Amino acid sequence: MAWKNQQEFIEALDKAGELLRIHTYVDPKLEIAEITDRISKSGNGGKALLFENTGYDFPVLMNAYGSERRMCMALGVQHLDDVAKEIESLFHLLSSPKESILDKLKLLPKLGQFASWMPKVKKGRGDCQQVVMENPDMTKLPVITCWPKDGGPFVTLPVIHTKDPNTNSRNVGMYRMQVFGPQLTGMHWHKHKVSAKHFAEYKKLNKRMPVAVALGGDPVYAYSATAPLPENVDEYMLAGFLRKKKVELVKCISQPEVEVPADADFIIEGYVDPADELIWEGPFGDHTGYYSLPDWYPKFHITAITHKKNAVYPATIVGIPPQEDAWLGKATERIFLAPIKMTMVPEIVDMEMPVEGVFHNLVITRIKKDYAGQGQKVMNAMWGAGQMMFNKILVLDAPENAPGAPYPLSDYEKLAQEVFRNLNPATDIYFSTGPMDVLDHSCSKLGFGGKMCVDGTHKMEEEREDSYESRVMSYELEPALVTERFEEISSINTSLLQKQIPCLVVSVKKNRVGHIKELHDQLCDMPALAGVKMILYVEHTVDANDLPTALWRFCNNLDPKRDQHLYKKTNTATGTYTACMGLDGTMKTKEYDNFQRDWPNIIAADDATIRAVDEKWQLLNIGAFIPSPSLKFKHQLYGEEAVANRG
């Protein structure tokens, strides 16, 4: 369904019991983010929040997409899989043989629907232009500052419009914008993004690049801006398909080359000049749960700001998962499963992106396996599929009775049991290098690093190595047996062994060059660990028994190709061998790892903000007190930030 505007969506959230209105004054600098962080982690995504007293003329909407129910409401569906099923049926209809006139006539209604989804530019002004700021000034908007070490306030849900100067094709993307002054922000588009390619074309022409930013309107716009579409597909066609109604656009006032949604709450118009020097932007607490490092990005000069009369400023925070962005990612996972299946990897049955993997870091894929080497075929296809090129760890699963597997991919315990049962650590883990998300701090080089595929599919005869000895272990291990022998190990998680998953998580304080490899070899030599197939190493400040946190830290800090240590021991009497893969998910330093880049800190609220929110919680009238999630991570900070939080 199509929402008339953002206000209609807010009213629907309110009626559905999915919205909390906050009348008490809350500061957009740090306090709004801290309250939202508490609510979003309170279970099932908490509620959407409307901050009605911000010290500005406009309320702030937070966490609007922060649960499966609200994500479905935003997209106008009952279940996220409904969209995928509709896309799949369209693919089948369009690709099926058309042998008779009746077959061809069946297509006409669908072709009419395609036309009805295409965006339309209407004459005159839209609701988004009801009020035109006499002097455009970003400081008049309640732009939030999320985290204490952020470089400043950031626009976090901007729907950014650019055009290719040669083809006039539109791109709609979402790139954060740091506010530097009333008429100046940064434009944080990465080199892989389409808007960055548009900018490169304007550079060649030595022309200013017109840009427009929309905030609010139908909530489907923000989702469409994040969707991994091919470059030649208009994001507003996807929006029209999702809302079952074309998007109406109007021309900007000061940048008429660019069109924007008529029902948006705010429009920020301006340009990026190729002749400008770049601006030092960041740091910013990002979706990885770490601060992204500052870097040079283009300047965005603001020429006009317009808005609706009753505009609401939409924003989001990203940080340590789970957060609102996890549900945007889940929608993408479900919606784009069908196109990937139909066009590139037909053997895919299902896909899952666990929240601990923060989108690209960890992807689980179930396939229907029919021949030897099919896992590697899927691996290469996945890493060549659009934004899946940024994937770091790919896990493949193919129960022998797929696609009718007896458990869903979200049943991680059964999944792990199946994957490890089929796994030879020496031959079934593949390493590669390729493009990575520039926010991945574990890479030795910006935007380029290691990838890993764990092929947990059942193996054909051609794929088996007869000399490999898969030991049956007792699945009982007393943690003290390890921690008392190795003083650098602060904790060890043996719970997976008890679930018949031959994998350990070990927290270790690294203190020398080559420490993890040396420790891994020593652990694997212990008779009590015979049969363990994989050991994951995390920082000593991480509790190995807090599995979600340990996996989140591990996935962020690992460059698989660089940080893998295979232990392989041959039995000379039998000619067989055993193997165990060690993966180093600890922090990397110049001293011990020859790591030459800066290592970012994890994100946590400062003591002053936590205290301020604690003190006003009762006045907020949003339910029982929720302590700050940041308290859990205070002891995991280091350097200047740790000192600041202690003080």
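Observations
- Residue within region 208-220 that is under 18 Å from the mean Cα position of the chain (by Cα) and either of a type outside the set (D, E) or at pLDDT below 95 (or both) present: yes
- Among (1) loosely packed, with under 15 Cβ neighbours inside 10 Å; (2) more than 33 Å from the chain's Cα centre (by Cα); (3) closer than 17 Å to R485 by Cα, the one test that K509 misses: (2)
- Just so you know, in region 515-529 the residues that are of a type in the set (A, V, I, L, M, F, W, C) and surrounded by fewer than 16 Cβ atoms within 10 Å (Cβ to Cβ) include one that is farthest from C503 (Cα to Cα), and it is M526.
- Candidates P256, P322, P274, P230, filtered to the one that is in a loop (DSSP other than H, G, I, E, B), free of Cβ contacts under 8 Å to residues at least 12 places away in the same chain and out of contact with any strand residue (DSSP E or B) (no Cβ under 6 Å at 6 or more places or on another chain): P256
- Some residue of region 475-484 being part of a loop (DSSP other than H, G, I, E, B) and buried (at least 22 other Cβ atoms within 10 Å of the Cβ): no
- Note on region 240-263: among residues that are at pLDDT 90 or above and of a type in the set (A, V, I, L, M, F, W, C), the one that is farthest from A64 (Cα to Cα) is I253.
- Checked against the criterion of being farther than 29 Å from I348 by Cα, in contact with a helix residue (DSSP H, G or I) (Cβ under 6 Å, 6 or more places away or on another chain) and modelled with pLDDT of 95 or more, the candidates I489, I516 yield just one match: I489.
- Conditions (1) surrounded by 19 or more Cβ atoms within 10 Å (Cβ to Cβ); (2) touching a residue at least 40 places away in the same chain (Cβ under 8 Å); (3) not in a loop (DSSP other than H, G, I, E, B); number of the one not met by L423: (3)
- When the test is whether a residue is polar (S, T, N, Q) and touching a residue at least 40 places away in the same chain (Cβ under 8 Å), T433 passes it.
- Where L439 falls short, out of the listed (1) touching a Ser or Thr at 6+ places or on another chain (Cβ under 7 Å); (2) more than 26 Å from K590 (Cα to Cα); (3) assigned to a loop (DSSP other than H, G, I, E, B): (2)
- Test result for K204, at pLDDT below 95, among the basic types (K, R) and closer than 26 Å to Y290 by Cα: no
- Residue count for region 486-496, restricted to those that are touching a residue at least 24 places away in the same chain (Cβ under 8 Å) and either out of contact with any strand residue (DSSP E or B) (no Cβ under 7 Å at 6 or more places or on another chain) or exposed (fewer than 15 other Cβ atoms within 10 Å of the Cβ) (or both): 2
- Top-ranked residue in region 625-647 [being at pLDDT below 95 and over 28 Å from the mean Cα position of the chain (by Cα); ranked as surrounded by the fewest Cβ atoms within 10 Å (Cβ to Cβ)]: G647
- Criterion (within 24 Å of A579 (Cβ to Cβ) and not in a helix (DSSP H, G or I)) met by exactly one of V542, V532: V532
- Of all residues in region 449-461, none satisfies the criterion of being in a helix (DSSP H, G or I) and within 37 Å of the chain's Cα centre (by Cα).
- Qualifying residue in region 19-36 (condition: surrounded by fewer than 19 Cβ atoms within 10 Å (Cβ to Cβ) and at positive phi): no
- Of L107, L102, L184, all but one fail to be modelled with pLDDT under 95 and either touching a Lys or Arg at 6+ places or on another chain (Cβ under 8 Å) or charged (D, E, K, R) (or both); the exception is L107.
- Sole residue being under 27 Å from S292 (Cα atoms) and out of contact with any Pro (no Cβ under 9 Å at 6 or more places or on another chain), chosen from P153, P148: P148
- Qualifying residues in region 331-381 (those that are assigned to a strand (DSSP E or B) and touching a helix residue (DSSP H, G or I) at 6+ places or on another chain (Cβ under 6 Å)) - the one nearest to G447 (Cα to Cα): L362
- Residues of region 281-298 classified as of a type outside the set (D, E, K, R) and part of a strand (DSSP E or B), total: 7
- Filter result for I602 (among the aliphatic types (A, V, I, L, M), surrounded by 20 or more Cβ atoms within 10 Å (Cβ to Cβ) and modelled with pLDDT under 95): yes
- Any chance E469 is in the same structural domain as D563 (by TED's automatic domain parsing), surrounded by fewer than 20 Cβ atoms within 10 Å (Cβ to Cβ), among the charged types (D, E, K, R) and more than 26 Å from L558 (Cα to Cα): no
The values are calculated or read from the model by the stated rules, or taken from the named source; none is laboratory data. It should be emphasised that the depicted structure is a prediction, and the values quoted were computed from it without experimental measurement. Glycine also receives a Cβ, built like all others from the backbone with ideal geometry; neighbour counts cover every protein chain displayed.
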